[in-house]
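Shown next, in structure tokens, is the structure this report addresses.
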Amino acid sequence: FYTTVAYSMNMVGEICDHITDIDTAMKHGFNWPVGVFERAQYVGLDRCLDGIEKAGCSNLVPDWTHDMLSKGGQLYDRKASTFYSWSEGTMEDLPTVEGGVYPAVIKQADDKVIFANDDAAVLDISDSNGKVCLVEITAKALGPGPFEAGHKAIDWAEENGAAVVFGHTGPHFGFGANLKLVYESSEKGDTETTSRLIREGQEFMNRVEYSDCPTVAAIQGFCLGGSSELALACNRRVANAGLNMGQTELNVGLIPGWGGLMRLARRVERGLLPYYLWGPDMTVTALTEHLMDVWNLYSWIKTSRDAYHAQEMGYLDVDDVIVPAQGLGQPFVLKRAKEVAQSMLMAGFRPPSPFVFNLPGKEGLSKFRVIAELGCMQDWYPVMHPEHNTKCCILAARVLCGGEDNRVGQEISEQVLL
């Protein structure tokens, strides 16, 4: 790493004009998540110079680097969105993607901020092709603050004939629900707070899916737990190719509470021909086999390697957009998400209809239960608390089977599963 930093420093001014050119080339050409100078800034420039000296490459470090450090400078200032120009000896604005969406810049214009709280902001990113607002969630977890911002965005979109995009320019889309709130409530025996979080989350996800405005999730990095449920609830998804998506609630001893299991099961059953799904050939065994993949995604805590893998797993639809934008970055993914949202408006968006399920009921649940308990005995599951997690797997199976009072051929609504 240190020799690469030294060589890259030596090449600035010879093969390119700015350090950003080398970083961009590494991200575009070699799919690095960050460039060599960005990584050097993160590691620390003094530490890098020490490493370069130990590697015997000090002769490669150019004079401009020492001049910059003597003035107390740095390669990048992310807060100011600037980088160090070796030729001018000053900080210059970072280059931007043409048409890219930069929330930090948009928020500087007061007339573009529709709503803001401590956890999220709703920004007007409209242009001549259609009205769109962006919900930028800055909180580390989903909870009342992001829900409030999401409702405000949908209110604005429905009033103005607009669309809503959920996304931001951070490294990860999100990790899920506010587990700190769940933990503190559990310690106090406060079941009402947890129940309210689940109820409000379900209501919010349903509104995201069934509102009169199109909703698009611009997802990247880690999209796990409750954040993956938000992505699944949106009408479309635009994914950065560098996507690690999954329902990982079993890691913390929970089951998805905002409809994640239901929406994955719905994708499975929507893929079946209606006369097969509701016909005489649809048995408990057949239904259980179809739902087994959804159950395995949860019970084995499977996450995608990238966006293409996420599509194979069923987290992304075939008409969702995958953007190989490691180098162009998330501002470009947000741009594509805005374009997708505008195309949905132009096409005359109509919200989807709720789905009616055919699920295996008590008989199917017994099959899942046997597999879960066998897995517990043989220590199959990649978890630290196999007995509790076996209970969670059975509860997840109960959702997928439509409850113990259900039977094959009985219509089950989405609300019943929620």
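The values are calculated or read from the model by the stated rules, or taken from the named source; none is laboratory data. Quick caveat: nothing in here was measured; it's all calculated off a predicted structure. Because the Cβ atoms are built from the backbone with ideal geometry, glycine has one as well, and the counts that use them run over all protein chains shown. Quick note on the areas: whole protein, heavy atoms, side chains included, nothing else; ligands and nucleic acids left out. Shrake-Rupley method; radii C 1.70, N 1.55, O 1.52, S 1.80 Å.
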Quick one: what does P(r) look like for region 190-345 with 5 Å bins over all Cα pairs, in whole %?
2, 9, 16, 19, 19, 16, 11, 6, 2, 0, 0
Nearest 0.05, what FRET efficiency do residue 55 and residue 312 give at R0 = 35 Å with Cβ-Cβ as r?
0.25
Computed FRET value (nearest 0.05) for residue 411 with residue 43, which takes r as the C-beta separation and R₀ as 60 Å:
0.55
Spatial separation of Cα centroids for region 163-185 and region 399-418, in angstrom
29
Could you give the distance between the Cα centres of region 260-274 and region 188-223, to the whole Å?
19
Counting DSSP beta bridges with both ends in the chain, the antiparallel % (nearest 5):
45
Most fluctuating of 47, 236, 398 in the GNM of the chain (C-alpha, under 10 Å) is 47
PRE reach from residue 127 (point 7 Å along Cα→Cβ): which of region 335-371 fall under 18 Å by backbone N?
335-347
To the nearest 10 degrees, how steeply does helix 144-160 sit against the main Cα axis of the chain, on a 0 to 90 scale?
90
Cα-only radius of gyration and Dmax that characterise region 297-418, units Å:
19.5, 55
Residue 178 long-range amide H proximity, modeled H, under 5 Å:
142
For residue 321, net neighbour charge (Lys/Arg +1, Asp/Glu -1) across residues whose Cβ lies under 12 Å away
+1
Mind checking the log10 I(q)/I(0) for the chain at q = 0.07 Å⁻¹? Debye, one equal scatterer per Cα, no solvent, two decimals.
-0.41
Reachable lysines from residue 302, Cα under 20 Å, same-chain residues fewer than 8 places away excluded?
391
Which peptide among 121-130, 275-284, 346-355 comes first, and what is the full order, when sorted by highest mean count of other Cβ atoms within 10 Å?
121-130, 275-284, 346-355
Net length gained if the chain between residue 7 and residue 107 were fully extended (0.36 nm per residue, minus Cα distance)
32.2 nm
Give me the net charge of residue 38's neighbourhood, meaning all other residues with Cβ under 11 Å from the Cβ of residue 38; Lys, Arg count +1, Asp, Glu -1.
+2
Region 1-104: relative contact order in percent, alpha carbon pairs under 8 Å with at least 6 residues between
27
If you take the Cα atoms of region 213-289, find Rg, then find the Kirkwood Rh from the mean of 1/r over all pairs, what is Rg/Rh?
1.06
Only bridges with both residues in region 58-209 count here: give the DSSP antiparallel percent, nearest 5.
75
Could you calculate the FRET efficiency of residue 30 with residue 275 from 1/(1 + (r/R0)^6), where r is the beta carbon distance between them and R0 is 56 Å, rounded to 0.05?
0.65
How much accessible area per residue does region 146-264 have, in Å², with a 1.4 Å probe?
34
What residue among 95, 360, 324 has the largest mean-square fluctuation in a Gaussian network model of the chain, using Cα springs under 10 Å?
95
Within the under-15-Å Cβ sphere about residue 7, not counting residue 7, Lys/Arg +1 and Asp/Glu -1 give a net charge of -3
Helix 19-30 vs. the chain, principal-axis angle (Cα, 0 to 90°, nearest 10):
40
Which of 300, 86, 156 moves the most in a Gaussian network model of the chain with Cα springs under 10 Å?
86
Expressed as an acute angle from 0 to 90° and rounded to the nearest 10, what is the orientation of the C-alpha long axis of helix 191-210 relative to the principal long axis of the chain?
80
